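Have a look at the structure below before the remarks.
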Amino acid sequence: MIDWIIGALCALLIAGAAYWKRSLSLSGAVAAVIMGTVYYAAGNLFWFGILILFFVTSSIFSKLRGERKEELEKSYAKSGRRDAGQVLANGGLGMVACILNALWPNPVWGCFFIGTMAAVTADTWATEWGGLSKRPPRSVVNWRVVPPGTSGGVSSLGSMAALIGAGIIGGAAWVLLRWTGDMQGAMQGLISIDLWKWIVIGGVSGFAGAMADSLLGATVQKMFRCEVCGKIVEVREHCGQATVPARGWNWMSNDAVNLISSVAAGFIAWGLGVILT
């Protein structure tokens, strides 16, 4: 019971600060409190620490030179202020892995978890840093130059940020496992994995997840056309007017893209964990 109380208090403190700083909407703050509580109570500092690392770094980077990225965010379905849907899309899979590990302890859940969190970290870091790139992005499909803010567009700065962010999640897993792994028998199999291997697991799976996110965004994500400026955007309203459907599957929202790419990254991390242990 004490773990649930500690988890709730820690999550409430962090989510409250994020809401005050306008990094979370009210629904996003509520979802973050619930998620953080479960991560701590059903898991331990390994699970909770990785979640906080992703959330804090992503929130900080979203504020970097925000005025420059403000125009780009008008084309995105999600802005820097995350709602409940985005919170769950980013951390929901990890929460499921945490719960499953509590019910049926197994090292594979830890690897899957790191893959999903590495993917959402890589994708978020790529978006935030890529928006600051002085060079125009290129389509991940045909490598042609596309306007900044185009879904599926990648840049060297954003790609480097994605790889670094994913690798840091892997490195953090190595650190946190040494603090908390002895508290959970299922984690013992992961403690033996060397630091460089964790960086590879996080870096490869996270970067692959980010690229999958870009590929889905460039091909099947639901997109709309602004009839005022002609831009292809993720939102249903742009330039003060309703947009019209341009391409993509109706159900393939930005959150769905995040979820699918995170699942892919989780399975890649799972496989790498089996190979490297």
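For this structure, a couple of remarks:
- Charge dipole of the chain about the Cα centre (unit charges at C-beta), most positive-ward option of L24, W249, P107: W249
- Helix content alone sets the calculated 222 nm mean residue ellipticity of the chain: runs of n ≥ 4 DSSP H residues at -39500 (n - 2.57) each, divided across all residues, give -22500 deg cm²/dmol.
- Rounded accessible area per residue of the chain, 1.4 Å, Å²: 46
- Under the convention that each Lys and Arg Cβ holds +1 and each Asp and Glu Cβ holds -1, the size of the dipole of the chain around its Cα centre is about 760 debye.
- Pairwise Lys count, the chain - Cα closer than 28 Å, eight or more residues apart or different chains: 23
- Efficiency of FRET from Cβ geometry, A256 and W104, R₀ 25 Å, rounded to 0.05: 0.40
- Lys/Arg +1, Asp/Glu -1 at C-beta; the chain dipole; positive extreme among A162, W179, V235: V235
- The range 231-269 and the range 1-68: distance between their alpha carbon centers, rounded to Å: 24
- Sparse packing (at most 14 other Cβ atoms within 10 Å of the Cβ) combined with a DSSP loop state is found for none of the chymotrypsin sites (Phe, Trp or Tyr not before Pro) in the range 158-243.
- Taking all pairs of distinct alpha-carbon atoms in the range 171-277, Kirkwood radius in angstrom: 16.3
- Based on every Cα atom in the chain, Rg and the maximum pairwise Cα distance Dmax equal 18.5, 59 Å.
- When each of the peptides 270-277, 109-116 is scored by how many other beta carbons lie within 10 Å of its residues on average, the order from highest to lowest is 109-116, 270-277.
- Computed over the chain: relative contact order in percent, which uses C-alpha pairs under 8 Å that are six or more apart: 20
- Solvent-accessible area assigned to carbon and sulfur over the chain amounts to 67 percent, based on a 1.4 Å probe.
- R247/I5 FRET efficiency (R0 45 Å; Cβ-Cβ; nearest 0.05): 0.40
The values are calculated or read from the model by the stated rules, or taken from the named source; none is laboratory data. Predicted, not measured: the structure shown is a model, and the values here were computed from it. In this analysis, Cβ positions are derived from the backbone assuming ideal geometry, glycine residues included, and neighbour counts consider all displayed protein chains. Only protein heavy atoms, including side chains, enter the accessible area calculation; ligands, DNA and RNA are left aside. Shrake-Rupley method; radii C 1.70, N 1.55, O 1.52, S 1.80 Å.
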